[in-house]
Structures are given as structure tokens and as C-alpha cells.
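Everything below concerns the one structure shown next.
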Amino acid sequence: MMAGSSGKLMVVAVLIYSFLTMAEESIRYGAEMTRLPAGSDIASMGDAGVVLPSRATSALWNPGASPLQQKYEISAEIADLYSGLSRQAVFSAHVPIQGGIGSSVIYMPFFSGSTPYYDSLGGTYQERIRNPALRSDGDPEGYFKNNQHYLVLTIGKLFPFHLPRAPGTGVPLPLEISAGVNFKGFLQTMNPKDVLHLGIGVNADAGLIGRIGLDYDLKEKEVCRNLILGISLRDIISSQIMWINSMQNYREPFKFAQYYGIAYEDISGDLAGNWTIALALEKSQGLSYHGGVEAEFWDAVSFRAGFSGKTPTLGAGFHYRQYFMDYAFRFDEIDLSYIRLTMGVVF
């Protein structure tokens, strides 16, 4: 018992150390935090997370995922985006509660480091031609930091049912319907010319997942094939990110988005492994299609591939007892994202 507790504490310590090390790095590119992926397993399967309720970070994609997870989880993630132009971290935890209720918390920080600040040029174009003092010399006016913090709190409930079957045809198969809500807070600070610009916003998501059992393994006493349907509505409140000390009282509205998905899960082992196939549709300012496949062998090693819009994604995972590690590689449009690494413990 003491050895198991020591192992869990060691994993948690490694996760926290990795998180703090990431925060000390110099980052030169800011990104839209509310649209960055989270979860290496989902990121490597084409961002089809609306129907992939396997990790605590799944609640970010669909808050209905949280009640489907029956164990405690603590995990941390580091992502090196666009060949080092930016870095992102994710810290997540899941807590199952009695009565089919599940809750999750996800914290996503982004630290920019020192970014050069270039002021707008004075005068008109003709004046700058005549006066060299008005031209840019290529030197920055100064440096500023762009730090972003994104916090998501999830609560959801599972409603279990059983599908009716004719007498003598087998064990009644389960139908699980899970609904959840995300409450989200966003904070961003920038300090160009030593003036603090503060952006604050709050919003919410709603999600629903239906998991239908298709087959039952009498030997293992578990459902071995599932069909999963999901819908997630992100940023359902018509609100804005409000900026303090910004020029012209700048307001940035949240972008409402809809996610729909379907997945097939086969853990019977009949196909030389366990397989998951997921497809999803995102409707925001336009339509984008997402999909991915996961093949798990020896109940320990996973290989993943997918597409997120026009972006190919790859990844792998490994779990041993209660510990797991996932990795994702993405061919992002800006540049290659070589590293997205997640470490966690389930108990």
C-alpha cells in the first residue's frame, strides 16, 4: 500500500515539475486559447473529442464526457506548437461523485515570455520618405508579455438505461445518456509600454453523449462493442472578452460553435486489438470535418492517426496499471507541432 501511494506521489511531482518548467520558457507567439486542443489522445485523433470520453481533458470537448469516467484522474500536458513559436500547458483532474455525477477541472496556461513591441510609424508615407527620422530603424520600442489563463469547471450526470431484448437472446445491453455543463473563465494580461491591459471573459458549454452497448462479452463480463453519439455546444452565452485599459474600449466576442460526432468502439480483441473510430463535424464560422482511428494492442500500447480539417495528426500512447502517457504530432498549417505530451495517473 505504501509503495502504491509513493508511486502516485512521484508521478504527481513529475507532472508539477514539468508544468513549472514549461512556464519558465520564452515563448514568442500568442494563440487563441479557447480554440487550442487539449489531450494528446484527442489531438492525435483529429480533434474528434466530442465522442471520445476517455480522459479528464475530454470534458473540454464535451462536458457530457465527465460522468462517463468512473475513476479519479490527475494529468498534466505540455505542447510545443508550431516549431517552438508557442507553448501550452494543460493541467486536469477528474473526480467521480455518487449518484452518477462526475466533475472535472481543467487549467490551461500560456506564458509568452518577452515579445518585441513595435510602435506605429509617425507621419504620412510622403513625410517618412522626406524625413529619415520618421522611418523605422528595425529596433523594437520595448518588450511586453502576453500571459493567458483558461479555467474550465465541469459538472455532469449519467442516466443509465437498458435496451429491451427478446427473452433468451442475451444479456440486456446498456444505454447510457450523459449530460454536462462547462463553466469557463478566461484571463489575459499584456503590458506594452508598461501599461497593463487586462482581458476578462466568462462563458459556458453544454454537451450530451449517448453510449449504446452493441455486444456483451460473457467471459469478461463487460460490454465489448459500443456506439457513441455526441453533441457539444461551446460558448453558448452571448458575451465578450472585455479589455481594461485597451484602446477604443476594445471588445472581443466569444465565437459560438457546434460539435457533432459519432464513434465506434470495439474492445473484443477479435480484430487483433482494440479499435476506436471517430468522426466529428464542427460548425462555427464555417464547417470543418474531423476524424481519427486508434488501435490498441496488448491492452497497453496505442497508435493513433487522424485529420483535423486539412491537418493530418499522428500519435501514440502507453499505459501500465494506473499510469498513462500519450503523445501527439501534428502537421499544423503554421508549422509542424512536434511535441504534445501528456502524463497522468488514474486511481
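Some values worked out for this structure:
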quantity	calculated
Filtered GluC sites (Glu not before Pro), the stretch 272-338: DSSP coil and at most 13 other beta carbons within 10 Å	Glu333
The stretch 306-347 versus the stretch 259-277: alpha-carbon centroid distance in Å	18 Å
Among the listed pairs Lys145/Lys184; Lys193/Lys283; Lys157/Lys255, those beyond 30 Å (Cα-Cα)	Lys193/Lys283
Percent RCO, i.e. relative contact order, over the stretch 282-340, from Cα pairs under 8 Å lying at least 6 residues apart	21 percent
Gap separating the Cα centres of the stretch 152-193 and the stretch 211-229, nearest whole Å	18 Å
Other-chain or far-sequence residues with amide H under 5 Å of Ile339's (modelled H)	Asp80
For the stretch 148-293, alpha-carbon Rg over 2.2 N^0.38 Å	1.49
The stretch 210-247: trypsin sites (Lys or Arg not before Pro) in DSSP coil with no more than 12 other Cβ atoms inside 10 Å	Lys219, Lys221
DSSP-loop chymotrypsin sites (Phe, Trp or Tyr not before Pro) across the stretch 42-112, with at most 16 other Cβ within 10 angstrom	Tyr72
Backbone HN-Hα couplings from phi across the stretch 225-236 [Karplus 6.51/-1.76/1.60, Hz, Gly and Pro as x]	9, 9, 10, 10, 10, x, 9, 9, 10, 9, 6, 7
Debye, to nearest 20: dipole size of the stretch 158-310, +1 on Lys, Arg Cβ, -1 on Asp, Glu Cβ	620 debye
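The numbers here are math on the coordinates, done by the rules we state, and not lab data. As the structure is a prediction and not an experimental result, all values here were calculated from the model. Neighbour counts run over all protein chains shown; Cβ positions are idealised from the backbone, glycine included.
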